[in-house]
Amino acid sequence: MMSGNGDYAAFLAKKAQVGADSGFEPLWLPDWLFGFQRHLVEWALRKGRGAIFADCGLGKGPMSLVWAENVLRKTNKPVLILAPLAVSHQFIHEGEKFDIECKRCQDGRHSGGIVVTNYERLDRFDPKEFGGCVGDESSRIKHATTKTRNMVTEFMREIPYRLLGTATAAPNDFFELGTSSEALGYLGHQDMLSRFFKEDEVKDYLGWGRKTFRFRGHAEFPFWRWVCSWSRACRKPSDLGFDDDGFVLPPLQERELIVEASRKKKGTLFAVPASTLPEQREERRSTLRQRCEAAAELVSSHDDYSVIWCHLNDEGDLLEKIIPEAFQVKGSQSDERKEERLRAFSDGELKRLIIKPKIGAFGLNWQHCHNVVCFPGYSFEQYYQAVRRCWRFGQKRKVNVTIIASTGEKKVLAAMKRKAEQADRMFDNLVRSMDDVLHVERKANFEKGEEIPSWLG
């Protein structure tokens with residue numbers, strides 16, 4: 001039995017699972033931060049454990065470095081930044097650019113300060129040594145069963161200050177939001193699903209059944225309120241109430257190049273779209289040479305920088321063989337070899353790079369390149385990230401994206417388009433929900449007589 005209204009209010013507050021702030025007031029905010037970046041860093045420091053879902057090119061790297069420098073000064077303990085392969089070198093360059101000292105370490109033996117390493121090396125570090133940890137491109141921990149997710153979550157568990165940053169926390173990917181929450185020390189992903197969602201089973205366009213989740217009755221606003229309690233999201237500064245000046249992307253031109261299949265299905269006069277996953281895989285392999293030759297012709301038609309995204313080892317090997325001056329990054333290479341070629345392309349030393357999205361689609365800055373060739377895949381996130389290596393804030397030219405597919409892959413292309421439209425709608429809904437939540441919070445603060453920042457006006 002609740003003894004009074006105060007006890008009942010406390011009970012409801014506990015059930016709401018809105019994470020309390022556990023951070024501190026910023027100790028250092030450099031003048032070179034843009035207004036929206038300053039706002040996000042201030043929020044993340046006061047929060048203590050939070051996530052910044054900001055789009056590609058909005059400066060998650062510099063914001064992470066400023067956050068890390070503040071935690072270093074506050075705790076007088078090292079801060080570890082986890083990054084995808086080759087992205088750790090970008091942090092070092094950005095640290096030099098902005099006069100924030102950070103050092104790369106791969107073996108766990110560091111000298112303190114801000115330490116940058118790759119996710120693949122995390123097992124060599126001791127979490128007890130660090131006062132803070134940053135997970136750059138934190139979609140790496142989205143899958144609840146992956147080794148990386150378990151390792152990062154366990155590593156962060158006892159670290160007082162934590163920051164996650166990614167551009168592709170898909171608002172309809174509730175698993176990713178749940179695994180992010182768990183790594184930050186809030187609700188676990190399973191607890192999140194059981195609290196806010198009901199499980200359904202739906203069939204996709206191929207007739208394959210899969211589990212999906214829908215909001216419980218009246219749970220949608222409490223869910224986004226909870227997400228907003230530990231994260232901030234934006235695709236452009238105006239999502240947070242700031243001016244978009246300097247953050248308007250150049251045009252993106254996407255086109256499809258359809259290659260006729262050389263073989264037709266038994267019993268048919270014409271090539272028909274592949275319907276099942278086995279048929280799609282067979283279609284991909286049977287048209288491998290035609291697709292690769294089309295990509296080679298396209299890339300060889302100019303002398304500018306190009307990146308070619310493939311999915312199969314045979315695709316990558318053939319592309320490297322038939323495209324002049326093209327170099328491949330592939331899984332069989334050592335991490336050192338992969339990083340060497342990724343850095344060479346990032347620095348403009350290589351003109352043509354062949355790579356799989358799962359290897360290099362996250363975190364790298366390739367604004368010097370505006371020609372993208374790719375083969376369609378099943379993951380919209382991988383496609384989005386692959387294109388965003390080049391089409392990001394800081395790009396000065398129109399970005400040309402050519403998707404090369406066979407006649408039998410039209411359903412794959414249609415699925416990609418549907419996922420793109422869904423992602424846009426859902427992110428718009430997230431920003432709208434976040435604005436509603438922040439409006440409620442601002443109103444509550446105003447009624448309490450607290451000072452409201454001028455940008456919230």
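The values are calculated or read from the model by the stated rules, or taken from the named source; none is laboratory data. Quantities reported herein were computed from a predicted structural model and do not represent experimental measurements. Here Cβ is always computed from backbone atoms with ideal geometry, including for glycine, and neighbour counts include all displayed protein chains.
What are the residue pairs meeting all of these: first residue in the stretch 188-216, first residue at pLDDT below 75, second residue of a type in the set (Gly, Ala, Ser) and part of a helix (DSSP H, G or I), Cβ atoms under 9 Å, and 6 or more apart or on different chains?
Asp204/Ala415; Tyr205/Ala414; Tyr205/Ala415; Leu206/Ala415
List every residue pair whose Cβ atoms lie under 7 Å apart, where the two residues are 6 or more positions apart in sequence or sit on different chains, the first residue falls within the stretch 406-426 and is modelled with pLDDT of 80 or more, and the second residue, located anywhere, is of a type in the set (Lys, Arg) and part of a helix (DSSP H, G or I).
Cβ pairs passing all conditions: Ser406/Arg291.
For the stretch 359-397, how many residues are outside any loop (DSSP other than H, G, I, E, B), within 21 Å of Arg235 (Cβ to Cβ) and among the small types (Gly, Ala, Ser)?
Number of matching residues: 1.
Taking Arg38 and the conditions (1) free of Cβ contacts under 8 Å to residues at least 24 places away in the same chain; (2) farther than 27 Å from Asp428 by Cβ; (3) in a helix (DSSP H, G or I), which numbered condition does it fall short on, given that it satisfies the others?
(2)
Here's a check for you: in the stretch 77-105, which residue that is modelled with pLDDT of 90 or more and in a loop (DSSP other than H, G, I, E, B) is surrounded by the most Cβ atoms within 10 Å (Cβ to Cβ)?
My answer is Pro78.
Of all residues being buried (at least 21 other Cβ atoms within 10 Å of the Cβ) and among the charged types (D, E, K, R) in the stretch 352-364, which is farthest from Gly377 (Cα to Cα)? Just the residue, please.
Across the stretch 352-364, the extreme among qualifying residues is Arg352.
Is it true that Glu25 is in a helix (DSSP H, G or I) and either within 26 Å of the chain's Cα centre (by Cα) or modelled with pLDDT of 90 or more (or both)?
no
Report yes if some residue within the stretch 105-124 is among the acidic types (Asp, Glu) and in contact (Cβ under 8 Å) with a residue 40 or more places away in the chain; otherwise report no.
Taking every residue of the stretch 105-124 in turn, at least one turns out to be among the acidic types (Asp, Glu) and in contact (Cβ under 8 Å) with a residue 40 or more places away in the chain.
I'd like to know if the stretch 108-119 contains one or more residues that are part of a helix (DSSP H, G or I) and either touching a Ser or Thr at 6+ places or on another chain (Cβ under 7 Å) or more than 19 Å from Glu182 (Cα to Cα) (or both).
Among the residues of the stretch 108-119, at least one is part of a helix (DSSP H, G or I) and either touching a Ser or Thr at 6+ places or on another chain (Cβ under 7 Å) or more than 19 Å from Glu182 (Cα to Cα) (or both), which makes the answer yes.
Being crowded, with 22+ Cβ neighbours inside 10 Å, touching a helix residue (DSSP H, G or I) at 6+ places or on another chain (Cβ under 6 Å) and not β-branched (Val, Ile, Thr), is that true of even one residue in the stretch 386-395?
Yes.
Has the stretch 163-170 got at least one residue that is hydrophobic (A, V, I, L, M, F, W, C) and modelled with pLDDT under 65?
For the stretch 163-170, residues hydrophobic (A, V, I, L, M, F, W, C) and modelled with pLDDT under 65: present.
Can you name the residue in the stretch 403-415 that is touching a strand residue (DSSP E or B) at 6+ places or on another chain (Cβ under 8 Å) and buried (at least 19 other Cβ atoms within 10 Å of the Cβ) and, of all such residues, is nearest to Ala361 (Cα to Cα)?
Ile403
Quick check on this structure: which one of Leu318, Leu353 is touching a helix residue (DSSP H, G or I) at 6+ places or on another chain (Cβ under 6 Å), over 27 Å from Arg397 (Cβ atoms), modelled with pLDDT of 95 or more and not assigned by TED's automatic domain parsing to the domain that holds Gly59?
Going through Leu318, Leu353 in turn, just one is touching a helix residue (DSSP H, G or I) at 6+ places or on another chain (Cβ under 6 Å), over 27 Å from Arg397 (Cβ atoms), modelled with pLDDT of 95 or more and not assigned by TED's automatic domain parsing to the domain that holds Gly59: Leu318.
Identify, from the list Leu72, Leu122, the residue that is more than 26 Å from Gln382 (Cβ to Cβ) and part of a helix (DSSP H, G or I).
It is Leu72.
Could you list, in sequence order, the residues of the stretch 312-334 that are crowded, with 18+ Cβ neighbours inside 10 Å, within 27 Å of the chain's Cα centre (by Cα) and over 22 Å from Glu349 (Cβ atoms)?
Correct list: Glu315 only.
With the requirement that a residue be of a type outside the set (Gly, Ala, Ser), over 28 Å from the mean Cα position of the chain (by Cα) and in a helix (DSSP H, G or I), what does the stretch 293-311 give you?
Residues satisfying the conditions are Glu293, Glu297, Leu298.
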